[in-house]
Structures are given as C-alpha cells and as structure tokens.
Amino acid sequence: MDAVALYEEARTRDTGQSGHYNRNVRVETADGPVVVRMRNHHAEAMDLALWPEPEVLAAIADRVSSAPRLLHAGTDPDFQIHGFVGGRRVDTLAPEGAALPGAVLDGVEGLYRDLLRVPLSALPPVPRDWPDEGDTTGFADRLTSLVQAIRHRGDEEAEGLYEALGVPKDPCGVLRERFRGLAARRFGLLHADVHRQNMILTDAGRVAFLDWELALWGDPVYDLADHLHKTAYRADQAREVTEGWERSAPLECRRGWRPDLGTYLAFEAVKSAVVDTVRWGRRIADAEEAGERTRLARELAAKLAAARPHWEAGARPVPQPGEIEEAVARHRV
C-alpha cells in the first residue's frame, strides 16, 4: 500500500464526510476500499483532546473490536488510513428524534463494557497535570475551563452576540459549584463523541464506532451524558441506554452516578449554547433564504432555553427567533 499516494488522491477530491476536525474520503485499492482521514488544522478546538488519535487506535486494537482498524498514520503530511467499514451510518437510518435499531443500543452497551475494561497502562501516557485517578471534580474543572475559554475566545463581534443573546460571561459558574459535589469514581477510557454520525451499523448487524480523536481518560459518567446529549434519543430509548451503561460499567465506575449524570447533562446543555451561539450565528448569517434563517434561529433559541436553567439566578429571558436574527445581523461573527 502506497500510503502517500492514497493521501494525494484523497486530498484532491471534494467528496467524503467532513467533521469538525477531520475529513474522511473512501479510496479504492487493489485489496479493497480504505478510508483516508485528513486532519483539519484550521478547526477551532471545541472539545478536550488528550492523545493523538492514531495512538489511541493502536492501543485499543486488541481490546475494542468495534473501533476502526488503523492501517497507517503519517505525520508529514498529517493523515491516517483506516480499514473501510461496510454498512449504513446510523443517522441515515434514524435521524435525530427517530428510534434507533435495537442492534445500535446493544452495540453502545458493548462499547461501554469494552472501554471501561481498558487499563490506563495499555494507553498512551497522560500529561503530568491530568487529574489523578478518581478526581472527578478535577476532571470536571477541565470541562468547565474549556467552555469558559470558548466563551471569551472570540472577537468583539462574537462578544457582542453573546451579550445580545444573554449568554453569561461565566456560563459555568453555577455548574462549577455543583461539580464540587461529584462522587469519586474510578476513571476509565472515554470515547467522548459517540453520536448518530459516528456509528455505522455494519452489514453483519454490528456497530462500528468512528472518530476517536476526542478519547479521554476520565469520569465514565461524563461519557454517558455526552452520548445521551448528542444522540437525542427518544425518552424510552434513553432509559434503555442508561440501563445498559449501568449493566456494563464496573461498580467502582458508577458510585453515586445517578445525580451526577444530571449534572453532566446540564453541562452539555450549557456547552452547546456557548459553542453554538457562534456556530449557529454564522449559519444564520450565511443562509440565503428567510425560512432557513428562521429555522436555524429557532434551533439556537432551543439551545439557549435548555441552558438557561443552569446559568446564574436572574438570567435574561431567552430571545425569540426574530430577536436572534436581528442580533446576528448586528454582530456578524
């Protein structure tokens, strides 16, 4: 396999699936299709990241069978080649709000079972200043610090939009107090980005989980909350997934987990409002049709409404979609 030649072929194509951090292009070879995965170095960091993705995939190759197979990792240029997984991406089978096939729920439970049995010794080293084993509050502090940095990362226009839409200067102030009451739990390997677009229901009826660039060593309850938030299950299936996580997680990973799950879900709502104020603001500004602008403004209003109960007392009312459109027009981010 001439990896560089495959990369050169892939990077000239305008096809493939583009995420926030990477672009994936299927390329045919004499031995069958592969996926060339190319890093977007201009992407703003919106999530914690601990290790280079190829190091994670190499470490878990014999421990997490539902992860993609790493065939090559290059640094100059920065790209990977993964084994191709045949099947259907789950969001094409069941878009947001629709019920997911039972095989997907079973696959998610199996993923958590595998993840939480990977020892830290099998993984790449963590930074010296990473929270100590079981320090769930220290882990949560990393999450809130990132959101605070995102809130104040933008220019004057971004700050103006945040102000206009009532996003507090310290959006995690209340949550930071709640995080101090987290139960101590054993850390585990977290995927930290499992959602409908990152799951493939294979031709064999199993589930493959893609995009491991945000994998972390931390509180397993956060991984469940992140998944529930991003996947937007129906209520009955959210309960099934939560029960599956409880079955699969070792006892020491789920001490005091029930109230803490609610705290992490509140964090996810706040993070979404902070990140998507700018992202949706750009989408609204770029939309050519009035109907599309209104639809996006309604979506952003819903995100702000979900976060508002977790902000400080006296938070301003959530703006209406028309007010959001007007604010975006004034503050082009």
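The values are calculated or read from the model by the stated rules, or taken from the named source; none is laboratory data. What you see is a predicted model; the values in this text were computed from it and never measured. Backbone-built Cβ (ideal geometry, glycine too); neighbour counts: all protein chains shown.
General observations
- Taken over segment 277-312, the residue count meeting the criterion of being in contact (Cβ under 8 Å) with a residue 60 or more places away in the chain and outside any helix (DSSP H, G or I) is 2.
- Flag for R258 being basic (K, R) and over 30 Å from T242 (Cβ atoms): no
- Within segment 230-241, one or more residues are within 30 Å of E55 (Cβ to Cβ), crowded, with 18+ Cβ neighbours inside 10 Å and either aliphatic (A, V, I, L, M) or modelled with pLDDT under 95 (or both).
- The single condition among (1) exposed (fewer than 12 other Cβ atoms within 10 Å of the Cβ); (2) of a type in the set (D, E, K, R); (3) in contact with a Phe, Trp or Tyr (Cβ under 6 Å, 6 or more places away or on another chain) that E53 does not meet is (1).
- Qualifying residue in segment 201-217 (condition: under 23 Å from G256 (Cβ atoms), among the β-branched types (V, I, T) and at pLDDT 95 or above): no
- Of all residues in segment 35-48 being part of a loop (DSSP other than H, G, I, E, B) and at pLDDT below 95, the one that is surrounded by the fewest Cβ atoms within 10 Å (Cβ to Cβ): H42
- Applying the criterion of at least 3 residues that are more than 25 Å from V35 (Cα to Cα) to the helices (runs of 4 or more DSSP H) found wholly in segment 62-176 leaves 102-115, 136-151, 156-164.
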